[in-house]
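Visitor: Encoded as structure tokens, here's the structure I'll be asking about.
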Amino acid sequence: MAVKLMQGNEAIAIGAVAAGCRFYAGYPITPSTEVAEVLSRELPRVGGKFIQMEDEIASMAAIIGARVGGLKSMTATSGPGFSLMQENLGYACLAEIPCVVVDVQRLGPSTGQPTAASQGDIMQARWGTHGDHPIIALSPTSVRQAFDLTVKAFDFSEKYRTPVLLMTDEIIGHMREPVELPDFATITTFQQSVTEAPAAYKAFRNTPEGVPPMAPFGVGYRYHITGLLHDEVGFPTQRLDEIDPWLERVNTKLDQYSEDIVMVEEDYQPGARLALLSYGCSARTARHALKAARAQGKKVSMLTLQTIWPFPEKQVEALGEQVDKIIVPEMNLGQLALEVERMVGRKKVRRVTRANGEMATPQMVLAALEE
Amino acid sequence: MSEPIADRIEIRLAGEGGQGMILAGIILAEAAAIYEGKNAVQTQSYGPEARGGASKAEVVISSGEIDHPEVLEADVLVALSKDAFKKFASNVKLGGLYIVDEEKVDSHTVPQAVRVPITRIAFETTGRIITANTVALGVLVGLTGVVSRTAIEKAVLARAPKGTEEMNRAALFKGFAVADERQPSRQN
């Protein structure tokens, strides 16, 4: 394909179509609206459905329903809408329904500032819905990566039967840069394959692999879906001998696949005692500072996270053993830094925070490197 | 990965919502990225209003990777409104270029600013003030050569709504002509 100047939000929408998304339900909100705009045009062209819902609660419910009916589905929103989606997001986690939720983060809390950028929903992505639950959250640093990680989000959601959050931000969402997209024919995502006969099928079977295949409704497989804790065919249960294996499986099902799910970029310099750790738009600022510091002869390593949740514990712990200080720039008051501190200890972590809608500058990061 | 920051040119186009500054930024970035094979990143900021309010587009052009996507200190500021000039005049590099619409902006604080009646020229050339952004691109490219005149022409025409190609070409070329009058030695 030819080089095109493309916006991050557009790349997400196109990535969704390329990944096989055929259902979008959403309520437009700045700075995510272009995702809906592009999909309202593109989905009907490939036989998909676009619905503008009355709010974000309904949007989340609709994409869950669409996936149960057999279509890969997505919604996109920003902070205020993401808050409204939390209840049904938990439902999708518990009922193990694949779907993709895009959060183009803007300055909050509450209505905040619609056109200002933020990375303030990072902890909400992990713990916004109540109860212990697994979640995958990815965060792109470029327009091309917005496309690639959207495809990954669909792949992971199917493979691991879980909602996947694409946590981008106003900067990456609205930014335009040249991209050359891959041939869509080369793009593959995980396809469910149910080998059991309908009579033997258990939608929530506690298999050692952790992820039972999902059969769509309407083709002969009978099972129940509920937000209550349930047995292997989906009916509510209060029996501990049914609940315990289920809780165990669901809350650990991502652990055995962390090699696949955790995506990071390690740009390490031998002998470096300082490191930068960042993600999303802030990683662009950090990388700018990294190059400037190295140009001055400093030795600095950098770890860029594409996977935010599950947190790349192993990689961050290993980095902590190599360096004396990890500098964490992010557009919030230090949300992901909390996780880094958990892994390497507070004394090793220097936060670089900016939560007023403006990007941190490379100068702010360089100043932290100088300390 | 220890290459120094590559050549990096930072351009800020600012005005009121509705003046087409964000579109001008997109066109400039397309000229660089699609028609000249350079790297370019375009970002923007705007208020919640569809018209009025402050609006700015930023374009960073480089032959190498562009990391921090926003303007840090502009090499070029194009200002089509008083508020935009007031807000951004202090964030221009020493020796940087100011292009202002002289009938909208009081730029006496920056004696070296290039003063052009951009909106009036647009109206006189095409009959439509909406082409002011295209005139501004003509002046900008004419004076700086940040992309070639051929590249910006292709980018403008590719973005011009059907039937407005000639009008936009005329506006762009008028911008080039103004640049040549102001700086006759530097044609690119």
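The values are calculated or read from the model by the stated rules, or taken from the named source; none is laboratory data. As the structure is a prediction and not an experimental result, all values here were calculated from the model. With ideal geometry, Cβ positions are generated from the backbone for all residues, glycine too; neighbour counts draw on all protein chains shown. These accessible areas exclude ligands, DNA and RNA; they are computed on the full protein's heavy atoms, side chains included. Shrake-Rupley method; radii C 1.70, N 1.55, O 1.52, S 1.80 Å.
Visitor: Is the range A:13-21 home to any residue that is hydrophobic (A, V, I, L, M, F, W, C), more than 30 Å from B:VAL41 (Cβ to Cβ) and more than 14 Å from chain B (Cβ to nearest Cβ)?
Guide: The answer is no, given that none of the residues of the range A:13-21 is hydrophobic (A, V, I, L, M, F, W, C), more than 30 Å from B:VAL41 (Cβ to Cβ) and more than 14 Å from chain B (Cβ to nearest Cβ).
Visitor: Need pairs with beta-carbon distance below 6 Å; first residue closer than 15 Å to A:GLY15 by Cβ and within the range A:169-196, second surrounded by fewer than 10 Cβ atoms within 10 Å (Cβ to Cβ); sequence gap 6+ or separate chains.
Guide: Listed by first residue and then by second, the contacts come to A:GLU180/A:MET1; A:LEU181/A:MET1.
Visitor: Does B:ALA151 qualify as being open to solvent by 50 Å² or more (accessible area, probe 1.4 Å), in contact (Cβ under 8 Å) with a residue 12 or more places away in the chain, within 14 Å of another protein chain (Cβ to nearest Cβ) and among the hydrophobic types (A, V, I, L, M, F, W, C)?
Guide: no
Visitor: Just checking: which of the strands (runs of 3 or more DSSP E) contained wholly in the range A:1-117 hold 1 or more residues that are open to solvent by 10 Å² or more (accessible area, probe 1.4 Å)?
Guide: It comes to A:4-7, A:23-26, A:49-52, A:99-107, A:113-117.
Visitor: Can you tell me which condition A:GLU358 does not meet? The list is (1) surrounded by fewer than 17 Cβ atoms within 10 Å (Cβ to Cβ); (2) part of a helix (DSSP H, G or I), and all the others hold.
Guide: Status for A:GLU358: all satisfied but (2).
Visitor: Check the range A:174-186 and report whether any residue there is under 14 Å from A:THR307 (Cβ atoms) and modelled with pLDDT of 95 or more.
Guide: Scanning the range A:174-186 turns up no residue that is under 14 Å from A:THR307 (Cβ atoms) and modelled with pLDDT of 95 or more.
Visitor: Is it the case, given these coordinates, that A:GLU371 is acidic (Asp, Glu) and at pLDDT 95 or above?
Guide: So A:GLU371 does not fit the description; no.
For (1) within 21 Å of the chain's Cα centre (by Cα); (2) touching a residue at least 60 places away in the same chain (Cβ under 8 Å), each residue gets a yes or a no:
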{"residue": "A:TRP309", "(1), (2)": "yes, yes"}
{"residue": "A:GLU313", "(1), (2)": "yes, no"}
{"residue": "A:ASP324", "(1), (2)": "no, no"}
{"residue": "A:LEU336", "(1), (2)": "yes, yes"}
{"residue": "A:VAL340", "(1), (2)": "yes, yes"}
{"residue": "A:LYS347", "(1), (2)": "no, no"}
{"residue": "A:ARG350", "(1), (2)": "no, no"}
{"residue": "A:ALA367", "(1), (2)": "no, no"}
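Visitor: Which condition number does B:ALA132 fail, the rest of (1) farther than 13 Å from B:ARG12 by Cα; (2) in a loop (DSSP other than H, G, I, E, B) being met?
Guide: B:ALA132 satisfies every listed condition except (2).
Visitor: May I ask you to verify whether B:ASP67 is part of a strand (DSSP E or B) and closer than 30 Å to A:THR304 by Cα?
Guide: When the stated conditions are applied, B:ASP67 does not pass them.
Visitor: Next question, about the same structure. Working carefully through the options A:GLY334, A:GLY297, find the one that is surrounded by fewer than 23 Cβ atoms within 10 Å (Cβ to Cβ) and within 12 Å of chain B (Cβ to nearest Cβ).
Guide: A:GLY297
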